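In what follows, a structure is listed as structure tokens, so that the remarks can point back to it.
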Amino acid sequence: MTLREGLCHKGKYGDGRGESDCVNGNLRSQLQGRSSRIGKTVEYAFDVLVPKNFRYTESLSYRKRGSIEIAGWQHTRAIKNHLYEMHLTGRAVTFEDRVCFDRSRFGQWNSVQVRVKWSLNQDGALQVLCNGKQVYSIKGQTLVPPGCGTSAKSNCHTDKLAHRNSITWIVGPWYRGFGPDWKEHGRSSPFLPFPPNGVSIKMRNLYQGKLR
């Protein structure tokens, strides 16, 4: 999956805001999994390889988690309903601020397993394994993620969470732009500086289904 500088999709999102990836400065190369209903227990798994020569420095100081996502889970057909994300930085791949694997593993295949019961009740659970090691775990409700509504998760708003909607898994790089108000901030473009060696990752063995 490879991103090209300035190559974006012009189609509007269709949610009434008039926004599109090109308007917002977004670059994507993504696959979408099947939707999962609330109350369902699901395992998501994949292997990912980040090139050893990948270099990236975040240009927006307020994006503590970075502007490049490589996997995410969100309520479908709803605005600001991004629940959990994996980010790629120049130092590591992370899941909700927890290091999945660091730069020393770039250039190698790395396994990721996410096991979750989607629930608003105390019977929910979420466990993330990277290369067989647990890096993230919560018990109890899993549909209002920690940090939702804070600056750390700008695409998750607690007052907009559509808990009746199913959850969709999306994999592949999404390089988030500055946003539709870039002119108001005196910027020359909605796009952020493109990494010198580009953004290109490999994925294999994608799985979504029952716990194994």
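The values are calculated or read from the model by the stated rules, or taken from the named source; none is laboratory data. As the structure is a computational prediction, the values presented were derived from the model and not from experiment. Reconstructed Cβ throughout: ideal geometry from the backbone, glycine too, with neighbour counts over all protein chains shown. Note: accessible area is taken over every heavy atom of the protein model, side chains too, but ligands, DNA and RNA are not part of it. Shrake-Rupley method; radii C 1.70, N 1.55, O 1.52, S 1.80 Å.
Selection within the stretch 1-51: residues that are touching a Gly at 6+ places or on another chain (Cβ under 7 Å) and part of a loop (DSSP other than H, G, I, E, B). The member of this set that is nearest to ALA125 (Cα to Cα) is GLN30. Within the stretch 97-114, the set of residues being in contact (Cβ under 8 Å) with a residue 12 or more places away in the chain and more than 16 Å from the chain's Cα centre (by Cα) comprises ARG103, ARG105, PHE106, GLY107, GLN108, TRP109, ASN110, SER111. Annotation: GLU69 fulfils all but one of (1) open to solvent by less than 40 Å² (accessible area, probe 1.4 Å); (2) over 28 Å from GLN122 (Cα atoms); (3) more than 14 Å from the chain's Cα centre (by Cα); (4) in contact (Cβ under 8 Å) with a residue 24 or more places away in the chain; the unmet one is (3). The lone criterion from (1) open to solvent by less than 30 Å² (accessible area, probe 1.4 Å); (2) at negative phi; (3) of a type in the set (D, E, K, R) left unmet by ARG98 is number (1).
Of these, TYR56, TYR62, TYR84, which one is touching an Asp or Glu at 6+ places or on another chain (Cβ under 8 Å) and either assigned to a loop (DSSP other than H, G, I, E, B) or open to solvent by less than 60 Å² (accessible area, probe 1.4 Å) (or both)? Answer to the selection: TYR84. Considering (1) open to solvent by 10 Å² or more (accessible area, probe 1.4 Å); (2) in contact with a Lys or Arg (Cβ under 9 Å, 6 or more places away or on another chain); (3) on the phi < 0 side of the Ramachandran plot, the lone condition that ILE167 does not fulfil carries the number (1). If we scan the stretch 178-186, do we find a residue that is touching a helix residue (DSSP H, G or I) at 6+ places or on another chain (Cβ under 6 Å), open to solvent by less than 20 Å² (accessible area, probe 1.4 Å) and either touching a residue at least 40 places away in the same chain (Cβ under 8 Å) or farther than 15 Å from ALA45 by Cβ (or both)? Checked the stretch 178-186: at least one residue is touching a helix residue (DSSP H, G or I) at 6+ places or on another chain (Cβ under 6 Å), open to solvent by less than 20 Å² (accessible area, probe 1.4 Å) and either touching a residue at least 40 places away in the same chain (Cβ under 8 Å) or farther than 15 Å from ALA45 by Cβ (or both). Restricting the search to the stretch 72-96, which residues are touching a residue at least 40 places away in the same chain (Cβ under 8 Å), out of contact with any Gly (no Cβ under 8 Å at 6 or more places or on another chain) and charged (D, E, K, R)? Matches in the stretch 72-96: ARG77, LYS80.
Against the list (1) touching a Leu at 6+ places or on another chain (Cβ under 7 Å); (2) within 23 Å of ARG63 (Cβ to Cβ), the condition HIS185 fails is (1).
Condition first: open to solvent by less than 40 Å² (accessible area, probe 1.4 Å) and of a type in the set (Val, Ile, Thr). Now tell me which residues in the stretch 34-45 satisfy that. VAL42 - this is the single residue of the stretch 34-45 that is open to solvent by less than 40 Å² (accessible area, probe 1.4 Å) and of a type in the set (Val, Ile, Thr).
For the condition open to solvent by less than 30 Å² (accessible area, probe 1.4 Å), touching a residue at least 24 places away in the same chain (Cβ under 8 Å) and among the aliphatic types (A, V, I, L, M), LEU31 does not qualify.
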